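To keep things clear, I will list the structure first and then write my remarks on it.
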Amino acid sequence: LSSLRSFFKFLEEEKGIESGFVQLIESPKLPLRLPKVLSLEEVEKLLSAPDVSDPLGYRDKTMLEFLYATGIRVSELVSLKLENLNLELGIVRIFGKGAKERIVPIGDIALDYLKEYLKNVRPIFVKREGENTVFLNRRGKPLTRQRFWQIIKQYAKLLGIEDKVSPHVIRHSFATHLLQGGADLRALQLMPG
């Protein structure tokens, strides 16, 4: 329908052919689907999947805990800078879509992992002085969204839930679980942006 509208608009502009009838055809209404959400048990399994005795596993665990605790977007997670963290207050300053800034609290468990990661694990990955991205790959460069998505898929595959898991599903799970726990709807809308 969209293609036909564009084609007839082209015909009107280029050939002078009147075709107002196409604009009268209503677009079909697609049914709204609820987003996929992991159960609490599935989230717990996913969060416990990384091997924290390995530096990469500890980084992955920290990222998963942080993502689930804050509900931020993956693009916001992989671009997170050190100066946007306030570990004393347990908050993170996020610059989201449209350069909108918001302050998001970090859950206690994620905060504990983050502190340990920054103190003892991240220095293993830093290859150049002045690198201020929080989460780095083994070469000392910031992780990409695609690479983090692959990491999540690897853990989900190990658990047998790969068809249900994506970074966005974790974001929806964060919101759903908070809401089920009695969180204020307006506050919940503000946190994930």
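Counting protein heavy atoms only, the range 76-154 has 50 percent of its accessible area on carbon and sulfur, 1.4 angstrom probe. Summing Cβ point charges (Lys, Arg +1; Asp, Glu -1) relative to the Cα centre of the chain gives a dipole of roughly 440 debye. Ligands, DNA and RNA aside, Ser6 has an accessible area near 70 Å² when probed at 1.4 Å.
Remark: for residue pairs Lys115/Lys141; Lys61/Lys157; Lys81/Lys115; Lys119/Lys164, the C-alpha separation exceeds 23 Å in Lys119/Lys164.
For the range 93-156, the dipole from Cβ point charges (+1 on Lys and Arg, -1 on Asp and Glu) about the Cα centre works out to 380 debye, to the nearest 20. Each Cα pair under 8 Å and six or more residues apart adds its sequence gap; the mean of these over the residue count of the chain is a relative contact order of 26 percent.
With N counted as the residues of the chain, its alpha-carbon radius of gyration over 2.2 N^0.38 Å works out to 1.34. Extension gain for Glu162 to Lys127 (0.36 nm times residue separation, less C-alpha to C-alpha distance): 9.3 nm.
A compact globular protein would have a Cα radius of gyration near 2.2 N^0.38 Å; the ratio found for the range 59-147 is 1.01. Rolling a 1.4 Å probe across the protein heavy atoms gives the range 1-121 an accessible surface of 63 Å² per residue.
The values are calculated or read from the model by the stated rules, or taken from the named source; none is laboratory data. Just so it is clear, the structure is predicted and the values come from calculations on it, not from any experiment. Glycine also receives a Cβ, built like all others from the backbone with ideal geometry; neighbour counts cover every protein chain displayed. Please note that ligands, DNA and RNA were not included when accessible areas were found on the heavy atoms of the full protein model with its side chains. Shrake-Rupley method; radii C 1.70, N 1.55, O 1.52, S 1.80 Å.
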